[in-house]
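Reviewing the structure listed below.
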Amino acid sequence: MDRHLEAADYYEQAVSVSPRVWDAHFELGTALLRAGEAERALRPLEESIRLAPERTEPLFNAALANVKLGKHKRARELFSGIMRNSPDNPQADKIRLWLSEIGTEQK
């Protein structure tokens, strides 16, 4: 319904009630990312990675946010982490393409 910022308000409440629940942070970061708030999305997405390092969803969305912000080095690290943890990931072909497009830029 494209009400991502409104959803983010609710996810912020969920994070404040359950700060150790990885998917509350993930959903908050995802809502912000979808709202075009890539910079604001990074903190909750990185927290969801810290809380659930085995999950690929936070890695993927954090990588997308970093790409949008031109932070290619961090995006490359995150995409590479997905490929290490889940080489058969449904997004593997897209990730390989993004990795080749990002190349070796140091930003």
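With the cut-off at 1.5 for a/c, could you classify the chain from its C-alpha gyration tensor as rounded, prolate or oblate? Since a/c reaches 1.5 and a/b is larger than b/c, the shape of the chain is classed as prolate. Here r is the Cβ-Cβ distance between residue 73 and residue 3 and R0 is 35 Å; the resulting FRET efficiency, rounded to 0.05, is 0.60. Each other residue within a Cβ distance under 12 Å of residue 64 adds +1 if Lys or Arg and -1 if Asp or Glu, for a net charge of +4. Note on residue 100 and residue 17: with the Förster distance fixed at 41 Å, the Cβ-Cβ geometry gives a FRET efficiency of about 0.50. Between the Cα long axis of helix 72-85 and the first principal axis of the chain there is an angle of about 90°, rounded to the nearest 10.
Based on Cα contacts under 8 Å between residues 6+ apart, the chain shows a relative contact order of 19 percent. The Cβ shell under 10 Å around residue 85 holds other residues with a net charge of +1, Lys and Arg each +1, Asp and Glu each -1.
Where a number appears in this text, it was derived from the coordinates with a stated rule and is not lab data. Since the model is a prediction, treat every value here as computed from it, not as a measurement. We place every Cβ from the backbone using ideal geometry, glycine too, and count neighbours over all the protein chains shown.
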